[in-house]
Amino acid sequence: MVQRRIGPADLVPGEPLPWDLFLADQSAGPQLRKGQIITDGAQLGRLLQLGLYVGTPEQPSVLRLLNEAAQRLERLLLDLRSESNAERDVRDIARDLLRALGHDADIALASILLNQIAGTYAVRHCIETALLAMLVGRSMHKSHDELLLIGAAALTMNVGMLRHHDSFQDRRGPLNDEEMRIVRLHPQESTELLRCAGVDDEEWLSCVLLHHENDDGSGYPQGRTADEILQNAKLIGLADRYCARVSARNYRRSIVPDQALQHIFLEQGLPIDPLLGEQFVKLLGKYPPGTLVRLRSGELGVVTQRGAAHVHPLSDPLGAPLPAAQLAQMTPRDTGDSQFAIVSSLHEDDAGVHFSMRNVWGDEARL
């Protein structure tokens, strides 16, 4: 239902409210309840100024929130040199990402794998890294303010090489010496650019500066070691590496999630903070939401929830893709049932199925 904004003429101080009233951001539920009596005119005036709405709250779309955040971030980062209050604007975008996670974290995670966030790869990657880092931070019981800081740092971690980032995606061979210099200096360049744009939060700037440092001193740009690297910088760096592997590049296919985790934790040879490693594995699991899988029944499907307990079928048992009209009506498969156990994850190119996230997750995943 489309909501109607109410004005002073709709309310009479001292009389019971005829409706539940909501702010534009409906995630907190009704601000005022039907039958409630407001006697404080100043309080009522403040709420009206913020915007009060009557009507059944429209179900928010997580994907729409993420798309809009990506569009705003791209404009902001490209014009950062002319910004004087970038800190406020970036935090606002991070706040919207937290809203998206609050509405449905599984859809937000699935969007990383299903690649439906608008914007260039460089901007989309920052959005995805921020989502994952904040979600892991939330599972570690970090405060709201700290989560916003983590999100803001992740959103701006690559601004120092933003104009080069997408051109690097077109390379078929290794980067040349000048391009490698840009890559290795981008945390420092990003930090300096953020300072010029009005960011003076030292922890935010330190997270940007340190997000490519490694505990053994092999990172860049300063070769810091374990105790010299903020935990939140390590968190952002780990989310950065994971999201880079599960996202497609122009020069290579994406890596399926279980192989991406294996590559980071077992094959890359870089030390991982044990606590953060445990949190990532616990949160993502082998098959996070958005993973395409083959079931023992022969069906192809997509994991819809963390824990991989539910898979939404995308094909019949012979592997033939289901028509879009049928997808939304399918019953999720319980992978605890042996006949629907997950046999393997699938790359999107090999699965051969095309679907809208809305047909799987409903209106909260509409574009």
Rg ratio (alpha-carbon, reference 2.2 N^0.38 Å) - region 4-54: 1.01
Give me the net charge for the shell around Gly217: Cβ to Cβ below 13 angstrom, other residues only, Lys and Arg +1, Asp and Glu -1. -4
Okay, helix-only estimate at 222 nm for the chain: each DSSP H run of n ≥ 4 adds -39500 (n - 2.57), divide by all residues, round to 500 deg cm²/dmol; what do you get? -14500 deg cm²/dmol
Over the chain, with every protein chain in place, what whole percent of the accessible area is carbon and sulfur at 1.4 Å, could you tell me? 48 percent
Modelling each spin label as a point 7 Å along the Cα-to-Cβ direction, I'd like the Asp40/Glu68 distance in nm, to one decimal. 2.8 nm
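Quick one: if the Förster radius is 45 Å, what FRET efficiency do Asp200 and Asp177 give, using the C-beta to C-beta distance and rounding to 0.05? List each step's numbers first, then the result.
Details: r = 34 Å, r/R0 = 0.76.
Rounded to the nearest 0.05, the efficiency is 0.85.
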All lysines inside 27 Å of Lys282 as judged from Cα atoms, apart from same-chain residues fewer than 8 positions distant: Lys142, Lys234
In terms of the ratio Rg/(2.2 N^0.38 Å) built on C-alpha atoms, what value belongs to region 120-251? 1.01
Which FRET efficiency value, to the nearest 0.05, is calculated for Gln59 and Asp227 with the Förster distance at 35 angstrom and r the Cβ-Cβ distance? 0.15
What distance in nm separates the simple spin-label points at Ala248 and Val343, each placed 7 Å from Cα in the Cβ direction? 2.4 nm
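At 10 °C and a viscosity of 1.306 mPa s, what translational diffusion coefficient does Stokes-Einstein give for the chain, taking Rh as the Kirkwood radius over Cα pairs? Give it in µm²/s as a whole number. Display every interim value, and only then the final one.
Numbers: Rh = 22.3 Å.
D = 71 µm²/s.
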Of the peptides 126-138, 252-264, how do they stack up when ordered by the mean number of other Cβ atoms within 10 Å, highest first? 126-138, 252-264
Per the charge dipole of the chain (beta-carbon charges, Lys/Arg positive, Asp/Glu negative, Cα centre), the residue among Gly119, Ala328, Ser84 reaching farthest to the positive end is Ala328
Tell me the Rg and the Dmax, in Å, that the Cα atoms of region 173-315 produce. 18.1, 57
Packing-wise, with mean Cβ within 10 Å as the measure, how do 215-221, 337-343, 239-245 rank, highest first? 239-245, 215-221, 337-343
Could you check which residue among Glu203, Glu68, Glu228 shows the biggest mean-square fluctuation in a GNM of the chain with a 10 Å Cα cutoff? Glu228
Using mean Cβ contacts within 10 Å as the protection proxy, how do 80-92, 322-334, 278-290 order, highest first? 278-290, 80-92, 322-334
Debye equation applied to the C-alpha atoms of region 291-359, log10 I(q)/I(0) at 0.18, 0.24, 0.28, 0.29 Å⁻¹: -0.57, -1.06, -1.45, -1.53
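With only Lys, Arg, Asp and Glu charged, each at its Cβ (+1 for the first two, -1 for the last two), find how big the charge dipole of the chain is about the Cα centre; round to the nearest 20 debye.
That gives a dipole near 740 debye.
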Test item: Cα-centred dipole of region 4-54, Lys/Arg +1 and Asp/Glu -1 on Cβ, debye: 80 debye
Cβ-derived FRET efficiency at R0 51 Å, Val12 paired with Leu275, nearest 0.05: 0.35
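The values are calculated or read from the model by the stated rules, or taken from the named source; none is laboratory data. These figures come from a predicted structure and were not determined experimentally. Virtual Cβ from ideal backbone geometry, glycine too; neighbours counted across all protein chains shown. For the accessible areas, the whole protein counts, side chains as well, though only heavy atoms, and no ligand, DNA or RNA atoms are used. Shrake-Rupley method; radii C 1.70, N 1.55, O 1.52, S 1.80 Å.
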